[in-house]
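The structure appears below as structure tokens.
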Ligand SMILES: Cc1cc2nc3c(=O)[nH]c(=O)nc-3n(C[C@H](O)[C@H](O)[C@H](O)COP(=O)(O)OP(=O)(O)OC[C@H]3O[C@@H](n4cnc5c(N)ncnc54)[C@H](O)[C@@H]3O)c2cc1C
């Protein structure tokens, strides 16, 4: 049992785990959270269902972490997906596995996860202060404590788990980055990840509100100079997406965006009928047309496509929507099939970082000891969660990063190892 206090800044996913494990081995832990409730972001994760982690082998996790995966080696092996599942089970939250290994609470209620972990964190020797941390107290290359917004000083080691800068209304407004920077840490460029995509096509915006299920979204690195000539495929998945007033969003698009790094020289294609080869689709259209020979082509595709999409698909195929079905040529039908199998969109930007599911960028990993989460610049300062320059794809990987780094920070700050 260490005598010195530990102050955890942030009662989110990482801070709650850090607090709970620190309190096991330390006389007093102070949790500073500026929101009135703990785990505010946690409560809206996974559309309110909380995708807690992923059932994949830990080795697979690294493939789902595009930014600084190696830094997380110790953390992910010290507190694994099985560890968080077991912990939640002990706390009364049973879990289930869904498509893609995604783990959710059986209740489908993210609030159950947040409540269980808040209860777990608030042990007898944990004092909760609802206030905002304004900065760190430092002397001789070490951290002595925290200064709160109201001027009050708290003394002890510090675990900074203040999150990123996305969804600021949940509390993660980027103040953690400022505190870390003032302490001398480098903050790498902050960018949105898992973010809706703005596209140049006006027709996409006109379809705002239309959602597509069971389509395949693919992203290709564009040809030289961002031309639409396709290059390497960097993402291709089956799932759901939707059109918005600025372009596209939904699960497939968010996942795709995390693969679109750097400049936006990409092309997106939507396969509206992934279950049919182009030949089968062509035959299917021919069959559908046979029953409707005297109709305008605009009214002959209802069985195949959502109504709102039909005039757009026809226009992109170069077919006059008022043309009678009996006069549609073989070439026109082939072009139609090609458009249905590869509706092309041109990304021109991302929505603002405040709308991102995660912040990419953060405290530079070269300045943090990956085995302890302690700052290499200031003794007694630890980091956990999204504030660190790591981020992952969808599937529960981002929360696992928060659990694993929170655990390492809590255990090491309290001297448990
Ligand atoms: C809509 C949405 C859905 C998501 N769904 C999933 C999902 O299903 N699965 C998944 O793996 N990931 C998901 N994520 C990502 C995941 O929620 C985050 O990666 C994770 O919450 C990061 O945890 P954290 O503890 O580092 O930060 P946060 O959860 O953001 O917690 C930081 C806490 O610090 C507090 N704080 C900040 N600054 C201060 C300060 N100066 N003083 C005091 N307190 C402060 C904040 O109020 C906040 O409570 C989702 C994110 C969003 C936005």
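Annotations
- When restricted to residues that are at negative phi, within 40 Å of the chain's Cα centre (by Cα) and not in a helix (DSSP H, G or I), the stretch 301-320 contains 8.
- Scanning the stretch 152-173 for residues that are over 21 Å from residue 369 (Cβ atoms) and more than 12 Å from the ligand (Cβ to nearest atom) gives 152, 153, 155.
- Filter pass, residue 242 being surrounded by 18 or more Cβ atoms within 10 Å (Cβ to Cβ), assigned to a helix (DSSP H, G or I) and touching a residue at least 12 places away in the same chain (Cβ under 8 Å): no
- Of all residues in the stretch 99-138 being within 12 Å of residue 50 (Cα to Cα) and in contact with a strand residue (DSSP E or B) (Cβ under 8 Å, 6 or more places away or on another chain), the one that is farthest from the ligand (Cβ to nearest atom): 106
Each row is one residue, and each column tells you yes or no for (1) within 16 Å of the ligand (Cβ to nearest atom); (2) in contact with a strand residue (DSSP E or B) (Cβ under 9 Å, 6 or more places away or on another chain); (3) closer than 17 Å to residue 66 by Cβ.
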site: 175; (1), (2), (3): yes, yes, no
site: 178; (1), (2), (3): yes, yes, no
site: 185; (1), (2), (3): yes, yes, no
site: 192; (1), (2), (3): yes, yes, yes
site: 220; (1), (2), (3): no, yes, no
site: 232; (1), (2), (3): no, yes, yes
site: 268; (1), (2), (3): no, yes, no
site: 278; (1), (2), (3): no, no, no
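- Test: residue in the stretch 15-24 that is assigned by TED's automatic domain parsing to the domain that holds residue 391 and within 16 Å of the chain's Cα centre (by Cα): no
- In the stretch 95-151, of all residues being modelled with pLDDT under 95 and closer than 30 Å to residue 395 by Cβ, the one that is surrounded by the most Cβ atoms within 10 Å (Cβ to Cβ) corresponds to 100.
- Pair list, Cβ under 6 Å, 6 or more apart: the stretch 272-284 residue in contact (Cβ under 8 Å) with a residue 40 or more places away in the chain and at negative phi, other residue in a helix (DSSP H, G or I) and surrounded by 14 or more Cβ atoms within 10 Å (Cβ to Cβ): 272/340; 273/281; 273/340; 278/337; 278/341; 281/337; 282/337
To keep it simple, each residue is scored yes or no on (1) closer than 17 Å to residue 77 by Cα; (2) away from the ligand (no atom under 11 Å from the Cβ); (3) assigned to a loop (DSSP other than H, G, I, E, B).
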position	(1), (2), (3)
366	no, yes, no
372	yes, yes, yes
382	no, yes, no
399	yes, no, no
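- Note on the stretch 385-397: among residues that are part of a loop (DSSP other than H, G, I, E, B) and over 17 Å from residue 114 (Cα atoms), the one that is farthest from the ligand (Cβ to nearest atom) is 389.
- Failed item in (1) over 17 Å from residue 190 (Cα atoms); (2) more than 12 Å from the ligand (Cβ to nearest atom), with residue 403 passing the rest: (2)
- Whenever a residue of the stretch 205-231 is on the phi > 0 side of the Ramachandran plot, its partners that are at pLDDT below 95 and part of a loop (DSSP other than H, G, I, E, B), lying with C-beta atoms within less than 7 angstrom and at least six residues away or across chains, give the pairs 226/265.
The values are calculated or read from the model by the stated rules, or taken from the named source; none is laboratory data. For clarity, every value in this text was computed on a predicted model and none was experimentally measured. Ideal geometry is used to build each Cβ from the backbone, glycine not excepted, and the neighbour counts take in all protein chains shown.
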